[in-house]
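A quick write-up on the structure given underneath.
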Amino acid sequence: MPSTTLTVHVDASVNERLERLAKSTGRSRDVVAAELLNGSLDVYEWQVESIQQAISSLDRGEGIPHHEVRDWVASWGTETEKAVPGSTTKAASKGS
């Protein structure tokens, strides 16, 4: 894949950490920085997409009111444990 040059200004401490990592791995600082940037982009893109989907879901009225979630969590471990908000079954993920 063709590459391009990107100039980035970072704090001196970040540059020093990058230099140490490059030296300890036997690779150039540019290679290490490119790998870190590529990995971070994957995570950042996933986060942004997930946030946008959640906002769209709320815009469609698919959210669960806070008080329902609060009451459900407060009921955990009690004899009157409430069903998961928005469903008809109790939560089974509290350590089981």
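May I ask you to derive the relative contact order of the chain, considering only C-alpha pairs under 8 Å and at least 6 residues apart, and to give it as an integer percent?
11 percent
When ligands, DNA and RNA are left out and all protein chains stay put, how many square angstrom of accessible area per residue does region 1-63 have with a 1.4 Å probe?
Result: 90 Å² of accessible area for each residue.
Quick one: Debye curve from the C-alpha atoms of the chain, no solvent, what's log10 I(q)/I(0) at q = 0.12, 0.21, 0.23 Å⁻¹?
One equal scatterer on each Cα of the chain leads to -0.69, -1.13, -1.25.
At R0 = 35 Å, how high is the FRET efficiency between Ala22 and His66 if r is their beta carbon distance? Nearest 0.05 is fine.
Computed FRET efficiency for Ala22 and His66: 0.15.
For region 1-52, restrict the atom set to alpha-carbon positions and state the Rg and Dmax in Å.
Here Rg and the maximum Cα pair distance are 13.3, 39 Å.
Run lengths n ≥ 4 of DSSP H only: what is the helix-derived mean residue ellipticity at 222 nm for the chain, with -39500 (n - 2.57) per run over all residues, to the nearest 500?
Mean residue ellipticity at 222 nm (helix-derived): -19000 deg cm²/dmol.
Need the full-extension length gain, Glu81 to Leu37, defined as separation in residues times 0.36 nm minus the C-alpha distance. One decimal, nm.
Here the segment from Glu81 to Leu37 would lengthen by 11.3 nm.
Using the alpha-carbon atoms, what tilt in degrees (0 to 90, nearest 10) does helix 12-25 show relative to the longest principal axis of the chain?
80 degrees
The values are calculated or read from the model by the stated rules, or taken from the named source; none is laboratory data. Please read these numbers as outputs of a predicted model, since none were measured by experiment. Please note: Cβ atoms are built from the backbone with ideal geometry, for glycine as well, and neighbour counts cover all protein chains shown. Note: accessible area is taken over every heavy atom of the protein model, side chains too, but ligands, DNA and RNA are not part of it. Shrake-Rupley method; radii C 1.70, N 1.55, O 1.52, S 1.80 Å.
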